[in-house]
Amino acid sequence: MAATAAPARSKPKTKTATKPRAAAKPRARRKVRSRGAILWIAASAVLLAGVVTVNLAVLRLNLRLDQATQSRTQLRASNAALQSQLSSALASPRIQALAHKQDGLTEADPSSIGYIDLSR
């Protein structure tokens, strides 16, 4: 009797051992799949965060560029106004009028001007 009882005990152990292994394999596959999915989600989140960061940096640069463009436009308008003032200040009739009023200077008569030929 003891000899027949020993082989009967060994058979159920092998059957119960194979059943949990078969059930453990799909769980392990599920864990690997879920880990892979989590990694893909995390990688996608990191990439999207990078894209958002770059877009914010570009937006800030565009704002600075807009401010610089407005400043440049104002400076060009100011330069044009200053050039206009300078050209009116340097105008020949104005200078002639000032010279006549302040110093009593007059234009020379063209008939009284003589030229000397130095090539002889």
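Overview of results
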{"quantity": "Hey, residue 86 at pLDDT 90 or above, in a helix (DSSP H, G or I) and within 30 Å of residue 106 (Cβ to Cβ) or not", "calculated": "yes"}
{"quantity": "Residues being surrounded by 10 or more Cβ atoms within 10 Å (Cβ to Cβ), small (Gly, Ala, Ser) and assigned to a helix (DSSP H, G or I) - total across segment 89-109", "calculated": "2"}
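The values are calculated or read from the model by the stated rules, or taken from the named source; none is laboratory data. Since we're looking at a predicted model, the values are computed, not measured. Neighbour counts are summed over all protein chains in view; Cβ atoms, including those assigned to glycine, are modelled from backbone coordinates with ideal geometry.
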